[in-house]
Amino acid sequence: MSLDADEVKKIAMLARLQIDEADIPSYVTNLSNILDLVAQMEAVDTEGVMPMSHPQEAVQRLREDVVTE
C-alpha cells in the first residue's frame with residue numbers, strides 16, 4: 001500500500017503531530033514501507049501454528065492471589 005503526501009498530512013493532523021513540509025517525503029516512504037511489510041506478514045500462511053505467549057519455552061512464575069489491604 002502506498003501513501004501520498006496528503007494522506008500523511010491527514011494522519012499527522014489526526015495524531016496531532018506537527019511535521020515540517022521538508023520531512024513529508026521521508027514520512028511517505030517510511031510509512032509506505034511499514035504498510036508493505038504488514039501486508040507481507042498478513043500474506044503468510046499461519047494455519048496450524050499454535051499461538052505463543054513467549055518466543056522461548058519460558059515459564060512464568062506465578063504467585064498465589066492473596067487478598068490484602
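No lab work stands behind these numbers, since they all come straight from the coordinates. The structure displayed is predicted, hence computed values, not measured ones. Neighbour counts are summed over all protein chains in view; Cβ atoms, including those assigned to glycine, are modelled from backbone coordinates with ideal geometry.
Among the residues of segment 11-35, those that are part of a helix (DSSP H, G or I) and either in contact (Cβ under 8 Å) with a residue 40 or more places away in the chain or surrounded by 14 or more Cβ atoms within 10 Å (Cβ to Cβ) (or both) comprise ILE11, ALA12, ILE24, TYR27, VAL28, LEU31, SER32.
Pairing residues of segment 36-61 that are in contact (Cβ under 8 Å) with a residue 12 or more places away in the chain and surrounded by 10 or more Cβ atoms within 10 Å (Cβ to Cβ) with residues that are among the polar types (S, T, N, Q) and part of a helix (DSSP H, G or I), at Cβ distances under 9 Å and at least 6 apart in sequence or on separate chains, gives no pairs at all.
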